[in-house]
Amino acid sequence: MNTEHGTPPKTEWNKISMDDKFPIILAAIILIFTFFPWASASWDYGYGYKGGYSYNGLHRFGILTFLGSIAFLLWRLLPMFNIKIPDLKMPDKTIEKIIAGVVLAGPVIWMIDSSFEFKYFGIGLWVDLILSAGFAYLLLTGKKFSEIKKKIQKDEHKPQQ
């Protein structure tokens, strides 16, 4: 594919540190799991009358997680394709912190809002809740993936008392 119009844009993915790749990977996984079931309800009235329904992350407050993860991916990935993002004149990392709060708010508010309506929460909600908590932790605290990994490895090799 060496044609002038068919050449994909040059990306610098291999030059990015794992500390910068990790939030991008988390946001992509969070985005994927918004399509998985978040909750379901079913009923059986007897005499063959059964019913049920389920929701994924594109319903109710889950849309916050969906849109927030897309916004973060665009924010981080567009510059790799030489697409300029407007300067919003905000302090460093403020946009990412706002996005992290929005991504985490989706599953948390969804779970609180739906706790009386649904008997079962699906895999999509649980995975998004856990991953968005980690995502928000990384972006809000400014901690790096490599620091957390070193601490975990250090704690593994400590003798147990």
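Among the residues of region 18-48 satisfying the criterion of being in a loop (DSSP other than H, G, I, E, B) and closer than 13 Å to ILE70 by Cβ, which is most open to solvent (accessible area, probe 1.4 Å)? First the steps, then the outcome.
Step one: filter region 18-48 for residues in a loop (DSSP other than H, G, I, E, B), giving 34-36, 47-48.
Within this subset, residues satisfying the condition of being closer than 13 Å to ILE70 by Cβ are 34-35.
Details: THR34: 0, PHE35: 114 Å².
Filtering region 18-48 for residues that are in a loop (DSSP other than H, G, I, E, B) and closer than 13 Å to ILE70 by Cβ, the one most open to solvent (accessible area, probe 1.4 Å) comes out as PHE35.
Go through region 20-43 residue by residue and tally those that are within 23 Å of SER146 (Cα to Cα) and at pLDDT below 75.
0
Pull up region 73-82, narrow it to residues that are more than 11 Å from the chain's Cα centre (by Cα) and part of a helix (DSSP H, G or I), then point me to the one that is surrounded by the most Cβ atoms within 10 Å (Cβ to Cβ).
Among those residues, the one meeting the criterion is ARG76.
Would you confirm whether any residue within region 89-101 is under 30 Å from TYR120 (Cβ atoms), among the β-branched types (Val, Ile, Thr), at pLDDT 80 or above and not in a strand (DSSP E or B)? Step through it out loud before you land on a result.
Pass one, region 89-101, residues under 30 Å from TYR120 (Cβ atoms): 99-101.
Then drop every residue that is not among the β-branched types (Val, Ile, Thr), which leaves 99.
If we keep only those that are at pLDDT 80 or above too, we end up with 99.
With not in a strand (DSSP E or B) added as a condition, the list becomes 99.
Among the residues of region 89-101, at least one is under 30 Å from TYR120 (Cβ atoms), among the β-branched types (Val, Ile, Thr), at pLDDT 80 or above and not in a strand (DSSP E or B), which makes the answer yes.
Within region 112-125, is even one residue of a type in the set (A, V, I, L, M), under 22 Å from LYS21 (Cα atoms) and assigned to a helix (DSSP H, G or I)?
no
Restricting attention to region 92-117, and to residues there that are open to solvent by 20 Å² or more (accessible area, probe 1.4 Å) and charged (D, E, K, R), which single residue is farthest from GLY62 (Cα to Cα)?
So the residue we want is ASP92.
If you take the residues in region 118-143 that are open to solvent by 80 Å² or more (accessible area, probe 1.4 Å) and touching a residue at least 24 places away in the same chain (Cβ under 8 Å), which one is farthest from the chain's Cα centre (by Cα)?
The qualifying residue farthest from the chain's Cα centre (by Cα) is LYS119.
Would you check if ARG60 is within 15 Å of THR34 (Cα to Cα) and basic (Lys, Arg)?
yes
Which residue is farthest from the chain's Cα centre (by Cα), if the candidates are limited to region 49-72 and must be free of Cβ contacts under 8 Å to residues at least 12 places away in the same chain and open to solvent by 70 Å² or more (accessible area, probe 1.4 Å)?
TYR49
The values are calculated or read from the model by the stated rules, or taken from the named source; none is laboratory data. Because the structure is predicted, anything quoted here is derived from the model rather than measured. As a convention, Cβ positions derive from the backbone with ideal geometry for all residues, glycine included, and neighbour counts pool all protein chains shown. Areas reflect the complete protein model, heavy atoms only, side chains present, ligands, DNA and RNA absent. Shrake-Rupley method; radii C 1.70, N 1.55, O 1.52, S 1.80 Å.
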